[in-house]
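Notes follow the structure.
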Amino acid sequence: MKNLNRIFALMLLVCLAVASCKKEERDLNENISPVGTLSLPVNQASIKLTPSNAAASQQFKWTSATPEDGGLILYEVAFDKEGGNFSKPVFKVVSDGGGVQPQVTISHKDLTRIAALCGINSSSSGKVNWTVMASKASNSKVGQEVRTLQLERPAGFAEVPTDLYLTGSATEGGDDFAKAVKFKKLEDGVFELYTSLKAGSYILTDKPAQAGRKFFAEGASIKEGATGITVSGSTKAYYLKYDFNVASVIEVSEVQSVGLYMSAYGNEIGQLNYTSAGTWQSGIIPVVFYQFSWGRDERYKFAVHTASGVKYMGSSNVNNVSPVGQAASYFYLNSVTNDQWNNTYKFNPSADNKNIKATVNLGGDGPYSHTIVTQ
């Protein structure tokens, strides 16, 4: 009998708990007021976009929407073509703080993408509409106010390539996309390449595959398309540099020679010959350290002679130490000034009065570097 009483008491407690829970159940209130006033930027504001400047941005602000039950509201700034009704915005940006703050800062790079999506071409101006969408759970409301922005795009691409490759019959990899030659990325949208070109044609692509975006140069401008760039004459080493932020060909010039420059002599003591894949190698080069009153000087760097002038490649360190026991990064090559003494390397002490062989690797797959081997 005692056990039956206990079971009955437990069942009664469970029933009371369930009843209590049911009493506390209520529907989720998703009702919110739409966003009211848009504060920044002012209506018809004109913005000259500079996407190549990573710090360039525009702040958007508005007054908060109001939830009926005081809950959390999330915001998105929505963009549409001029005359659009935001039923299918071309672009949306979540506000600051993961969507909870009534403001957001949008970079000029993203605004350039928005301009392109709204049909504004490079080197052109046009209008886009924007508003703020507020949401709570499944309930979303478009703002009561819509404003217009006048956006001016510079020359350049709204979506610059993440990577860049060279392919075509004139290149070292030929027409096989899988063997396309990779550029070195200097910064977003800016690429350079040391390679050889022969009679034929080439194009630029963002992927080593047929499906990649394709680009070509027309004069000093870069355009999107599969038009081949023609090369004539014998095989030669070249330096190529492109800036997609401004759709410009910065430089395409023949690399005439690469020399081993020794500071104390103020001259090149040997030459390197191009092989392939951005690599130059020397034959035997005699090395004699220069005798000063304080000791023998062993400093050197490299001089890359192009049709546009001389580019010096040296150390990131202004004043360097002996290479003995140093990491591989000691031999990394960087673009440096023509200063006779600064940003140079030092030969291994064992190279004095000996022969050496030098290799310079300016391939796009990794850091530029070089090796010195004593014979």
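The values are calculated or read from the model by the stated rules, or taken from the named source; none is laboratory data. Everything quoted here is computed from the prediction, not taken from an experiment. FYI the Cβ positions are ideal-geometry reconstructions off the backbone, even for glycines, and counts take in every protein chain you see. Protein only, heavy atoms only, side chains kept; ligands, DNA and RNA dropped before computing areas. Shrake-Rupley method; radii C 1.70, N 1.55, O 1.52, S 1.80 Å.
Looking only at strands (runs of 3 or more DSSP E) that lie completely in region 214-311, which have at least 1 residues being among the aliphatic types (A, V, I, L, M)?
Output list reads 214-218, 221-224, 229-231, 236-243, 248-262, 267-274, 285-287, 299-306.
Any idea which of (1) modelled with pLDDT of 95 or more; (2) more than 15 Å from Ser369 (Cβ to Cβ) is the one Ser308 doesn't satisfy?
(1)
Being out of contact with any Pro (no Cβ under 8 Å at 6 or more places or on another chain), closer than 22 Å to Glu192 by Cα and open to solvent by 30 Å² or more (accessible area, probe 1.4 Å) is the filter here, so list the residues in region 314-337 that pass it.
Within region 314-337, Ser316, Asn334, Ser335, Thr337 qualify.
Under the condition of being assigned to a strand (DSSP E or B), of a type in the set (A, V, I, L, M, F, W, C) and open to solvent by 50 Å² or more (accessible area, probe 1.4 Å), which residue from region 130-187 is nearest to Asp96 (Cα to Cα)?
Among them, the one singled out is Val142.
Does Asn348 meet the test of being in contact (Cβ under 8 Å) with a residue 12 or more places away in the chain, more than 30 Å from Lys179 (Cβ to Cβ) and open to solvent by 50 Å² or more (accessible area, probe 1.4 Å)?
Criteria met by Asn348.
Go through region 329-375 and count every residue that is at pLDDT 95 or above and acidic (Asp, Glu).
2
Got a sec? Which of Gln291, Gln281, Gln271 is surrounded by fewer than 20 Cβ atoms within 10 Å (Cβ to Cβ), over 34 Å from the mean Cα position of the chain (by Cα) and closer than 30 Å to Thr171 by Cβ?
Just a single option satisfies the conditions, and that option is Gln271.
Taking strands (runs of 3 or more DSSP E) that fall entirely within region 14-86, which contain at least 3 residues that are touching a Lys or Arg at 6+ places or on another chain (Cβ under 8 Å) and modelled with pLDDT under 75?
none
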